[in-house]
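Q: Could you have a look at this structure, given as C-alpha cells, before my questions?
A short reminder: the numbers here are calculations on the coordinates, not readings from a lab. No experiment lies behind these values; they were computed from the predicted model shown. Neighbour counts run over all protein chains shown; Cβ positions are idealised from the backbone, glycine included.
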Amino acid sequence: MVLQLKNKKVEEEVDKEENFYLGPPDYTKFAPAQISNFTAKRKLWLFSNHLAQQTTVFPLHKFESQGFYVSNEDGTVSLPPDVSLQPVPSSAKDKEEMFRSSLTIILSCVYAVFIVTLGVVVYIGELMSGKTPMAEFFSIYLVIVGLGYLSFLYMDMRKYLRILKISEDMVLRKYELAESQETDTGEPVSIVWNSLPEPDLAIPHHYCFSSGRHSGSFYLKVGAAGFCMGHLIHSGLLISYQVAFLITDSSNFYKCANVLTLVLDLLYPTYSFFQLFFIFKYSNVIINRFKILARFALMHCIGSSLCFWIWTILRETVDSLYHSETENPISLHHLNTHYIIHDLNNSSNVSLGSLTSEHCRGPKQFQIIFATFSPYLYPFTIEYSILVVGVLFIIWQNIGSYSHCTSDRSTTKDFISNVVLYADCHSSNKGLFAGLIVLAGSFLSIILFFVAMTDSKYIEVGLSVNSCTELILILLMTASVIPAYHQITKLDVNSKQISLLDDLLLFTCIPAFFVQTILSVIPSWNSNKYVNLTTIILQMIQVLIQTPFIIDGLRRCANSKALRSEKPGRELLTFLIVCNVTMWITETFEIKSHSDHNDPRSSYYGEFLWSTITHLTFPLTMFYRFHSSVCMVDIWKSAYVKGN
C-alpha cells in the first residue's frame with residue numbers, strides 16, 4: 001500500500017499503533033481511525049508528488065527485497081546507478097483529452113476573432129449606409145447569448161454549492177457522532193474505516209475557486225462597480241432621450257428611432273449589470289464542468305465586450321462631430337459618409353443631414369443634458385469593457401485548472417475571506433499625506449478649469465491651468481517612480497505564479513500613449529505649445545518606467561524579518577498610488593480640454609480624424625492610471641509580507 005502526502009517527504013518510525021487517513025486525496029473532512037494492519041517498528045515510506053525531481057526514493061518495505069533500491073547506513077534510500085526514472089507514456093485517455101482541449105481552445109479563440117471582425121464590418125457598414133437594422137440584430141444576438149450563458153453558469157454553480165454544503169453537513173454530523181462515543185477510560189473508540197459508508201465529499205470538482213493574490217483584487221472589483229455605474233447612468237440618459245421622442249411626438253419617434261434600439265437599450269444595461277454581479281462574486285471561479293461550452297461562451301462574452309467597445313468609440317466620435325456641427329457645421333463632402341448619433345446599442349437609420357433637422361434633435365432640454373454629461377460618461381463604458389475582457393479572459397484561461405483549486409472547499413471560509421480586509425499601514429503615512437496634498441491641489445485645478453471654461457474669454461486660461469497641473473503631476477510621479485523602482489528591487493523574489501490579468505490590462509493601454517505622443521509632437525511644436533509638448537513626452541517616459549516597476553513589484557515579497565521591518569520603497573509607493581488616482585480623476589473631469597476646437601492637433605489632423613483618435617486612445621490612458629493604482633495597491637499589500 002502506498003500513501004501519498006502532498007508537497008512533503010516523510011519518513012516515520014512507528015513505535016505503536018497509529019491513526020492514518022486512507023480516504024481519497026481530495027477528502028478533507030475525516031476523523032482518524034485506528035488501523036490494526038500497521039504494527040510496531042515498521043517503516044512507512046510516503047511518496048512525494050515531486051518524486052521525479054528528488055534523488056531520494058521512498059518505496060514500500062517489500063521493494064527492498066526485490067532490489068529496487070539501496071538502503072544507506074543513515075536510513076535513507078537511493079536508486080541504484082542502473083535504474084532511472086523514465087517519463088511515463090501518455091494513456092489513450094490523456095491523448096484524447098489533449099486533442100479535445102487544444103482544439104476547443106483554438107476554435108473558441110477563432111470564434112471570438114470572428115465576432116469582433118463581424119462587429120467592425122456591421123457597425124461601420126451601418127454608419128455608412130444606415131439602411132438596415134443589422135447593428136441592432138447583431139448586438140441583440142451578442143447580448144442574449146452572453147446573458148443566457150452567464151445565467152446558466154450562475155444557476156449551475158449555485159446548485160453545485162448547495163450539494164457541496166449538504167455533503168459537508170452530512171459528514172460533519174457523521175464524525176461528530178463518532179467522536180462522541182468514548183470508552184470508560186476516555187479513549188476514542190477504534191473505528192474500522194471500511195465499516196464506514198462511502199465518503200460523502202467525494203464529489204467531482206465541477207466548480208472550485210482559486211485563492212491568494214490571483215483570485216481577484218477587491219479594489220479592482222470596486223473599480224469595476226464604479227465603471228459599471230457610470231456606464232449604466234450613460235445608458236439611462238440615452239434611454240431617456242429615446243423615450244422623449246415617444247412622449248413628445250410619437251411620429252418623430254418612428255422617424256428618428258425604432259423599437260429595436262429601445263429594446264437593445266434595455267437589454268444591454270441589464271447584461272452589463274449581471275456581468276458586474278458575476279465578476280464581483282465569482283471572478284476567481286475555476287470551471288471544470290461543460291468545459292467546451294464554457295470556452296466558447298466566455299469567448300463570446302469577451303468578443304461581445306470588444307464589439308461594444310468599438311461601437312462606443314464610433315458612436316461617441318459621430319456624436320461629438322454632430323454637437324460641434326450645431327455650432328460649427330461640418331461639411332458632408334469632407335466626411336463623405338453618413339453618421340449615426342445614437343447610443344452604443346442605439347443605431348438609427350438616419351444620416352447626419354437628417355439628424356441636423358429640427359424634428360430629429362429631440363427636446364432642447366435633453367440636448368443640453370446629453371451634450372453636457374455624455375463626454376464625461378462614455379469613457380466609463382470603454383473602461384468597463386476593458387476590465388470585463390481582462391477578468392473573463394482569466395476565467396477562460398483557468399478552465400479545467402484543477403491544480404489551482406483550493407483544498408478547503410468550505411463556503412463559509414470563502415465568504416469570510418471576501419468580506420474581511422486587513423491592512424498594515426506601517427511606513428505609509430508620509431506618502432499618504434503627501435499624496436493628499438497633491439489630490440487637494442488637483443481638485444482646486446479642476447474647479448478653476450470649469451470656471452474658466454464657462455467664459456469664452458478665459459478658455460485659454462483654463463487650458464493653461466489644465467496643462468500645468470498635468471505637467472506638475474507627471475514631474476512628481478516621474479521623480480517618485482525611479483527611486484521607488486530602485487527600492488523595490490531590494491525585496492525578495494516571489495517564486496509563486498501570479499495571474500497575468502494585471503500585465504494584460506497594462507499592456508493593452510500602452511499603445512494609446514504611443515499614438516498620442518507620436519501624433520502630438522509636430523502640432524505642439526508648430527503651434528509653440530511647449531508645455532503640452534513637454535507634458536506628453538514626460539508622460540510617455542513615466543509610463544515606460546512605471547509599467548516595468550509594477551510588473552516587477554507584483555512578483556516581489558519580503559521573506560526576511562529585516563525587509564518586513566524596513567519596508568523599502570513603501571512610502572513612495574503610497575504616494576504613487578494617490579498620484580495615479582489623482583491623474584485619473586483629473587483626466588476624467590478635464591476631458592473636454594482634449595476635444596476642444598483650440599487644440600492644435602485638431603487643426604493639424606482635421607476634426608474628424610483627431611476626434612476619432614481621441615475617442616479611441618483617451619479612455620485607454622485613463623484606464624491605465626486607474627489600473628496602475630490597482631496594481632500598486634496589490635504591491636503595497638502583498639510585497640511586504642512573506643511570499644505565499
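Q: Give me, ordered by chain and number, the residues 5 or more places off LYS642 or on other chains with an amide H under 5 Å from its own placed amide H.
A: So LYS642 has HN proximity to ALA558.
Q: Could you calculate the contour length gain from SER560 to VAL120, that is, 0.36 nm times the residue separation minus the distance between their Cα atoms, to one decimal place in nm? Walk me through the intermediate numbers first.
A: Working: separation 440, 0.36 × 440 = 158.40 nm, distance 5.28 nm.
Taking 0.36 nm per residue and subtracting the Cα distance, the gain is 153.1 nm.
Q: For region 612-625, in order, what is each residue's ³J(HN,Hα) by Karplus, 6.51 cos²θ - 1.76 cosθ + 1.60 with θ = phi - 60°, in whole Hz (x at glycine and Pro)?
A: So the Karplus estimates, Gly and Pro as x, are 5, 5, 4, 5, 7, 9, 5, x, 5, 5, 5, 5, 4, 5 Hz.
Q: Another question, if that's okay. Subtract the Cα-Cα distance of VAL451 and HIS205 from 0.36 nm times their separation in residues, and report this length gain in nm to one decimal.
A: Going from the current span to full extension adds 82.7 nm.
Q: Which of LEU232, LEU103 has the fewest other C-beta atoms within 10 Å, and how do the rest follow up to the most?
A: Least to most surrounded, the residues fall as LEU103, LEU232.
Q: Collect residues whose amide H, placed 1.01 Å from N in the peptide plane, falls under 5 Å from the amide H of PHE209; neighbours closer than 5 in sequence don't count.
A: ILE286, THR406
Q: Hey, what D do you get for region 421-638 in µm²/s if you plug the Kirkwood alpha-carbon radius into Stokes-Einstein at 20 °C and 1.002 mPa s? Provide the component values of the computation, followed by the final result.
A: Details: Rh = 18.4 Å.
The Stokes-Einstein estimate is 117 µm²/s.
Q: Then there is this: Tell me, GLU470, GLU571, GLU97, GLU383 in order of fewest to most beta-carbon neighbours within 10 Å? Please report the intermediate quantities before stating the final value.
A: Numbers: GLU470 23, GLU571 19, GLU97 13, GLU383 27.
Arranged by neighbour count, lowest to highest, GLU470, GLU571, GLU97, GLU383 become GLU97, GLU571, GLU470, GLU383.
Q: According to a simple spin-label model (label point 7 Å from Cα along Cα-to-Cβ), what is the distance in nm between PHE218 and ARG162?
A: My value for the distance between the label points is 2.9 nm.
Q: For VAL113 and ILE459, what is the calculated FRET efficiency with R₀ set at 35 Å and r taken between the beta-carbons, to the nearest 0.05?
A: Efficiency, from the Cβ-Cβ distance: 0.20.
Q: Here is a follow-up. Quick check on my link table: of LYS93/LYS496; LYS496/LYS637; LYS93/LYS281; LYS95/LYS165; LYS430/LYS637, which ones sit more than 26 Å apart, alpha carbon to alpha carbon?
A: Among LYS93/LYS496; LYS496/LYS637; LYS93/LYS281; LYS95/LYS165; LYS430/LYS637, the Cα-Cα distance tops 26 Å for LYS93/LYS496; LYS93/LYS281; LYS95/LYS165.
Q: Calculate one ³J(HN,Hα) per residue across region 268-278 by plugging θ = phi - 60° into the Karplus curve 6.51 cos²θ - 1.76 cosθ + 1.60, and present them in order as whole Hz with x for glycine and proline.
A: My calculation for region 268-278 gives 5, x, 4, 4, 5, 5, 5, 4, 4, 4, 5 Hz in order.
Q: Can you give me the Kirkwood hydrodynamic radius for region 454-572, using every pair of distinct Cα atoms, in Å to one decimal? The partial results should precede the final answer.
A: Details: mean 1/r = 0.0595 Å⁻¹.
Result for region 454-572, one decimal place: 16.8 Å.
Q: Report the label-to-label distance for MET170 and PHE277 in nanometres (one decimal), using points 7 Å from each Cα along the Cα→Cβ vector.
A: Distance between the two pseudo-spin positions: 3.0 nm.
Q: Determine the gain in length on full extension of the stretch LEU237-VAL531; use 0.36 nm per residue of separation and subtract their C-alpha separation, reporting nm with one decimal.
A: Taking 0.36 nm per residue and subtracting the Cα distance, the gain is 102.2 nm.
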